[in-house]
Amino acid sequence: MRKGRFHKSVADVAQRYSESVSFDHRLYRHDIAGSIAHAAALTKAGIISAAEQKKIETGLRVIEQEIESGKFQWDGALEDAHMNIESALTKKIGAGGRRTTVLRSPDQ
């Protein structure tokens, strides 16, 4: 979230204060369901293609399985469950994975 705004990394105390992933990771199922619904709405509105929607949903389902199996690595530096999931999705499917947070073009 801090990308491009600051030149120094966040202080450890501020990082610990602002992160919520240590407890909100339990909401992952709801976050994934919301992201899948968001992608469906973007497709229905003609903003993303059905192929991109499928790619997003497939990637999110893989991440869901990784979380459930205990293989997913939560990162407190990413602040919350959604940012962790979005980051993992972007690594799996590319820039289109960032569309689960806000509407962005794939090159942003």
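The values are calculated or read from the model by the stated rules, or taken from the named source; none is laboratory data. Since this is a predicted model, take the numbers as computed values, not measurements. Because the Cβ atoms are built from the backbone with ideal geometry, glycine has one as well, and the counts that use them run over all protein chains shown.
Applying the selection to segment 20-46, what residues are of a type in the set (Lys, Arg) and farther than 13 Å from Glu64 by Cβ? Spell out how you get there, then give the answer.
Step one: filter segment 20-46 for residues of a type in the set (Lys, Arg), giving 26, 29, 44.
Within segment 20-46, Arg26, Lys44 meet the criteria.
Filter segment 24-43 down to the residues that are hydroxyl-bearing (Ser, Thr, Tyr) and touching a residue at least 24 places away in the same chain (Cβ under 8 Å), then identify the one that is farthest from Leu78 (Cα to Cα).
Ser35
In this structure, is Ile47 in contact with a Leu (Cβ under 7 Å, 6 or more places away or on another chain) and either farther than 22 Å from Trp74 by Cβ or at pLDDT below 70 (or both)?
Answer is yes for this residue.
Of the residues in segment 23-58, how many are within 15 Å of the chain's Cα centre (by Cα) and over 17 Å from Ile93 (Cα atoms)? Walk me through it before giving the result.
So the first thing to find is which residues in segment 23-58 are within 15 Å of the chain's Cα centre (by Cα), and the list is 24-39, 53, 55-58.
Cutting the leftovers down to over 17 Å from Ile93 (Cα atoms) gives us 24-31, 33-34, 37.
Within segment 23-58, residues that are within 15 Å of the chain's Cα centre (by Cα) and over 17 Å from Ile93 (Cα atoms) number 11.
Only residues that are outside any loop (DSSP other than H, G, I, E, B), of a type outside the set (Lys, Arg) and without any contact (Cβ under 8 Å) to a residue 12 or more places away in the chain: list them for segment 67-95, please.
Glu68, Ser69, Thr90
Tell me the residue from Lys71, Lys92, Lys54 that is in contact with a Gly (Cβ under 8 Å, 6 or more places away or on another chain) and at pLDDT 90 or above, please.
Lys92
Within segment 59-78, work out how many residues are under 11 Å from the mean Cα position of the chain (by Cα) and of a type outside the set (A, V, I, L, M).
1
Looking at segment 37-58, can you tell me whether even one residue there is among the acidic types (Asp, Glu) and outside any helix (DSSP H, G or I)?
No, every residue in segment 37-58 fails to be among the acidic types (Asp, Glu) and outside any helix (DSSP H, G or I).
Evaluate the following for Arg5: is it basic (Lys, Arg) and either modelled with pLDDT of 95 or more or in a helix (DSSP H, G or I) (or both)?
Spelling it out, it is not the case that Arg5 is basic (Lys, Arg) and either modelled with pLDDT of 95 or more or in a helix (DSSP H, G or I) (or both).
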